[in-house]
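Here is the structure we will look at.
The values are calculated or read from the model by the stated rules, or taken from the named source; none is laboratory data. The shown structure was predicted, so the numbers you read here are calculated from the model rather than taken from an experiment. Note: ideal-geometry Cβ built from the backbone for every residue, glycine included; neighbour counts use all protein chains shown. For accessibility, only protein heavy atoms count, side chains too; no ligands or nucleic acids. Shrake-Rupley method; radii C 1.70, N 1.55, O 1.52, S 1.80 Å.
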Amino acid sequence: MTCRHRGLAFLPRLTWLRRRIFARGSELGFLTLAIAAGGCAGMVVSGIGSLSHALHSLLYGVPFAAALSGASLPRDSSMVLFPIAAGILTAALHTLRRRRGNIVDPIEANALYGGRMSLSDSLWLVTQNLVSNGFGLSAGLEAAYTQLSAAMASVMGRRLKLRREDMRVLVGCGAAGAIAAAFGAPLTGAFYAFELIIGSYSTVALAPVIGAAITGTLVAQAITGAAFTISIHQAEPIAVTDFLPAVAIGAVCAGLGILLMVTVVKAERLAGSLRIPALCRPAIGGVLVGCLALVTPQIMSAGHGAMHINIEGDVTWSAILALFALKALATAATIGSGFRGGLFFASLLLGALVGKLIAVPFEWVFPGLMSSTALAVIGMSAFGVAVIGGPLAMTFLALELTGEFPLAALVLAAAITSSLVTRQSFGYSFATWRFHLRGESIRSAHDVGWIRNLTVGRLMRHDVRTISASATPNEFREKFPVGSTQRVIAVNEHGRYVALIPVAEVHADALEATSCKSLSEFFRNQNDLLLPGMNARQAAAMFEACMAEALVVVEDRIERRILGLLSEAHTLRRYSEELEKQRLGIFGSTD
C-alpha cells in the first residue's frame, strides 16, 4: 500500500455517497459534508489541546487542563532545559521529514492550489507545534488546529472529487470549525473562514461555513467542557466619547502589530546572518525563551492564563509593560528560531496588554470614561486584526468571549482603524507577509482563486505566425495576404522575438507613392512583452500602458523564446466572464 493510500485509509469508500448525496449542485449534500468537517475540527481541537495539557502536566507538574502561563512555577533549571529539549526535538523532526519545501497552510492552499492540502505534511506541522507549545515555548496551537482540520476537509473533498470552488469552501469549513471550537465562538470561526480562508462572503457558502462552525463548537464543548471566556463587568452604557479611545487603541495596536511582525522576521534573518546552523537555531531559541520564563512564566505557551490574570486582575502598569515587552520578545524568539506555531493568541494577549496600558493615561484625562477591562478587550481585537487580519472575525470574537453586545461597536471601530492603518502603512497580515518574503504576491484572502489562475499562459494562443526580421515588405505581403491573419511576429535568426507587425499596415503601405523599403519600419512593441505567469489583471494593465491590442508571450525577457500571442479583447472578455461568475456566486445565482 502506498503512502498516499495509507494517509487516506481512515475514509470509507464514498462512491455511492458521491453519486447520490454529494452530486454537483446538491446544497444539502454539501451542507452535510461541511458539518462533518466541522465535527472533525471539534475533535481535532479537543485532541490537540488535551495532548498539550498532558505535556504541561508531565513536564511542569501543573494540574491537567490548567493554563501553564497562569501557574505558579518554581524558577529552576527546568524552565530553560525543557525549551532547549524542545529545540533539539524540533530540529530532529525537521531532519526526519522526508519531503522538503514549505508546508502549505489553508490560506495558501485556497490561494494557489484550489484547496488541496497534504494530510501527512499537516501532521508534521501539528507534531512540531505540539512540541513548541507543550514544552512551554511562546506559541499558540491555533496553527495546528486550523492546519489539520482544513487538511482533513481537503482530503474529504478530493475523495469526493469536488470541483475547485467547493474544495475551497470546504477547506474554509474545516478552518471555521477549528477556530470556533478553540474559542467556543461559532461566529468568529465562520468569519475567520470568510475573511482569511475563502476570501469573500457568499450566500452559497454561508450555510456550510456556519454549520461547520456551530458543529465544531458543540463537539469541542461536549468533549472538553466550557469554552474560554472573559468577564469585563461593563455596567455603563456606551457613549459617543467612548469611540475616541477605541480609535486610538486601533491605531496604536496597528503600529505595534507591524513592529511585532517585522521583529519576528528580523529574528530569523539575524540567525541567518550569524551563520548559525539551521538545526541549532531552535535550541538557541529555547535558551532565550527559557531565560525570559525565569523572569515571568506568563510568557510561556499561548498565554490563556496570563490573559485572565492581566485582564481581570489588578496588575500594576509597570508589570503590564514589562510583560508586553517580554511576551513580544519570547514570541519573536520562538517563531524566529524555527519553532512551529502561530501568532493568533499571542497577538490577542499583547493587544489586551496594550489596552490595559492605554487605560492609565485615559483615566487621568477622562476619569470614569471606560473600564480598563473593556479597553483591554478592544486592544485584544485591534492587535489581532493587525497581525492576523479579519476585522469582523475579531469583532465577533470580542462579542462571543465577553457577551457584551454594546462593546462590539467600539471593538468594530478599533478593528477597522487597525485594519486601515495596517493596510495603508504595511499592506500585509503575518501570514501574507511571510508569503511576500517567499516571493508570492498574496496580500489578502481576496488575492486568491480565479484571478491567480486566469494567467497569460492559460489565455494565450499558441498558433502564432512568424517571419524573419530581415525579410522585405514584398516578401511579407506575398507570404501573408490580406485576411490571412491580423498580426505576424518578426523573429531573428535564432527564432527569438523581435517585434510585432500589423498585416494591414504593411499592405496599406503598398498603395502609397513612397512605400517603405524595410520591414523594420513596421515593427511594433519591440520591448512590450508578456510572461506566462502574469495574471489577467496584470496583462490588462500592460495592454493599457503600451496601448497595444495584442502582445507576444515569451518565456523570459532575456532569451525571448516565443510561447504564444494574447489579445486585449480576449483577455478582457475572459476577465469579465470570471467577474460575472464571481458575482453570481456571491449571491447564490446559477443562472
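Points worth noting:
- The residues on offer are Ala181, Ala150, and the sole one that is surrounded by 24 or more Cβ atoms within 10 Å (Cβ to Cβ), closer than 18 Å to Ala36 by Cα and touching a Pro at 6+ places or on another chain (Cβ under 7 Å) is Ala150.
- Within segment 378-419, the set of residues being of a type in the set (D, E, K, R) and part of a helix (DSSP H, G or I) comprises just one member, Glu400.
- Scanning segment 466-483 for residues that are among the polar types (S, T, N, Q) and assigned to a helix (DSSP H, G or I) gives a single hit, Asn474.
- The condition (being in a loop (DSSP other than H, G, I, E, B), closer than 29 Å to Ser576 by Cβ and acidic (Asp, Glu)) is satisfied by just one residue among Asp463, Asp556: Asp463.
- When we screen Leu55, Leu73, Leu130 for residues that are open to solvent by less than 30 Å² (accessible area, probe 1.4 Å) and in contact with a Leu (Cβ under 9 Å, 6 or more places away or on another chain), the only hit is Leu130.
- Any hit, segment 285-299, residues being among the hydroxyl-bearing types (Ser, Thr, Tyr) and assigned to a helix (DSSP H, G or I): no
- The set of residues from segment 180-211 being assigned to a loop (DSSP other than H, G, I, E, B) and out of contact with any Ser or Thr (no Cβ under 6 Å at 6 or more places or on another chain) comprises Ala185, Gly199, Ser200, Tyr201, Ser202.
- Selection status of Gly199, on the phi > 0 side of the Ramachandran plot, open to solvent by less than 40 Å² (accessible area, probe 1.4 Å) and touching a residue at least 12 places away in the same chain (Cβ under 8 Å): yes
- Residue match in segment 159-179 (condition: more than 17 Å from the chain's Cα centre (by Cα) and small (Gly, Ala, Ser)): no
- In segment 335-352, residue most open to solvent (accessible area, probe 1.4 Å) [restricted to those that are in a loop (DSSP other than H, G, I, E, B) and either under 16 Å from Thr146 (Cα atoms) or in contact with a Cys (Cβ under 8 Å, 6 or more places away or on another chain) (or both)]: Arg340
- Residues in segment 310-325 that are surrounded by 18 or more Cβ atoms within 10 Å (Cβ to Cβ) and closer than 26 Å to Gly49 by Cβ: Asn310, Ile311, Leu323, Phe324.
- Residue count for segment 496-508, restricted to those that are open to solvent by 20 Å² or more (accessible area, probe 1.4 Å) and either within 19 Å of Ser484 (Cα to Cα) or at pLDDT below 85 (or both): 5.
- Hey, Val80 at pLDDT 85 or above, closer than 23 Å to Thr224 by Cβ, surrounded by 18 or more Cβ atoms within 10 Å (Cβ to Cβ) and among the aliphatic types (A, V, I, L, M) or not: no
- Some residue of segment 369-384 being open to solvent by 10 Å² or more (accessible area, probe 1.4 Å), within 22 Å of Gln298 (Cα to Cα) and over 18 Å from the mean Cα position of the chain (by Cα): yes
- Residue check, Ala293 surrounded by 15 or more Cβ atoms within 10 Å (Cβ to Cβ) and either small (Gly, Ala, Ser) or in contact (Cβ under 8 Å) with a residue 60 or more places away in the chain (or both): yes
- A single member of Asn110, Asn102 is in a helix (DSSP H, G or I), of a type outside the set (Phe, Trp, Tyr) and at pLDDT below 85, and it is Asn110.
- Among (1) modelled with pLDDT under 90; (2) of a type outside the set (Phe, Trp, Tyr); (3) buried (at least 19 other Cβ atoms within 10 Å of the Cβ), the one test that Gly25 misses: (3)
- Answer residue from segment 515-556, given it is at pLDDT below 85 and of a type in the set (Lys, Arg) and is surrounded by the most Cβ atoms within 10 Å (Cβ to Cβ) among those: Arg537
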